[in-house]
Every structure is written in C-alpha cells, then in structure tokens.
1. Would you tally the net charge around Asp40, using a Cβ to Cβ cut-off of less than 13 Å, leaving Asp40 out, and scoring K and R as +1, D and E as -1?
2. How large is ³J(HN,Hα), in whole Hz, for each residue of region 44-49 in order, when computed from phi with the Karplus curve 6.51 cos²θ - 1.76 cosθ + 1.60 and θ = phi - 60°, using x for Gly and Pro?
3. Step through the residues of region 29-39 one at a time and calculate ³J(HN,Hα) from phi using the Karplus curve (6.51 cos²θ - 1.76 cosθ + 1.60, θ = phi - 60°), rounding each to whole Hz and writing x for Gly and Pro.
4. Based only on the alpha carbon positions, what is the Kirkwood hydrodynamic radius of region 31-84, in angstrom?
5. Considering the dipole of region 31-84 built from charges on the beta carbon (Lys and Arg +1, Asp and Glu -1) around the Cα centre, which of Val43, Pro66, Gly81 is farthest to its positive end?
6. Among residues other than Thr83 whose Cβ falls under 14 Å from its Cβ, what is the net charge (Lys/Arg +1, Asp/Glu -1)?
Amino acid sequence: MPKSKPQGQSPKQSSRAAPVARTREKNEGEGSRTAARRYDNAVEQTVKSGTVPDKARAAARALDGPEGKELRRAEAQAKRGKTA
C-alpha cells in the first residue's frame with residue numbers, strides 16, 4: 001500500500017514566507033515616527049482651534065452623566081494596559 005502524503009503544504013512550501021504586499025509606507029514598527037508626527041500635528045491643531053476648554057467641559061459632563069461609570073472603568077483598564 002503506498003504511503004499517503006500528509007495533508008496541507010509540503011515541507012518546502014511551508015518553510016517559505018508568504019509574499020508581503022508592498023505599500024508606499026514603510027513599516028516603522030512600534031514607535032512609528034510618522035504616527036507620532038501625525039498625532040503631534042493633530043494635538044497642535046486642536047490646541048490652536050481654541051476648543052480645548054469646551055472639550056474639557058464636555059468630558060466632565062460625560063463623567064458626571066449616565067456613562068460616567070463606564071468611562072471610569074475604561075480609564076482604569078487603559079491605565080493597566082488593557083484594551084476594551
């Protein structure tokens with residue numbers, strides 16, 4: 001009786017990495033300078049817009065409102081490094 005081949009890829013095929021799609025943006029990994037630059041620019045624009053006091057008041061109202069308990073729970077999880 002002939003031996004059957006194992007299901008799936010042959011060892012030669014499985015040792016090769018799948019081709020990676022090329023994109024215009026280089027993968028910078030953790031600590032991406034591009035993402036940090038975008039974030040910094042967004043923060044700067046928000047501060048320049050003059051809406052920070054309004055946003056702070058809205059956040060305070062949300063904490064005092066019906067969603068306050070959920071917001072505090074999410075904050076505590078984030079401080080522990082956990083995502084929702």
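No value in this document is a laboratory result; all are computed from the given coordinates. Model, not experiment: these values are computed from the prediction. Here the Cβ positions follow ideal geometry from the backbone for every residue, glycine too, while neighbour counts run over all protein chains shown.
1. Net charge in that neighbourhood comes out at +3.
2. Whole-Hz 3J(HN,Hα) from phi for region 44-49: 4, 5, 5, 5, 5, 5.
3. Calculated HN-Hα couplings, in order: x, 5, x, 4, 5, 5, 5, 5, 5, 4, 4 Hz.
4. The Cα-based Kirkwood calculation yields 13.3 Å.
5. Farthest towards the positive pole: Gly81.
6. With Lys, Arg at +1 and Asp, Glu at -1, the net is +3.
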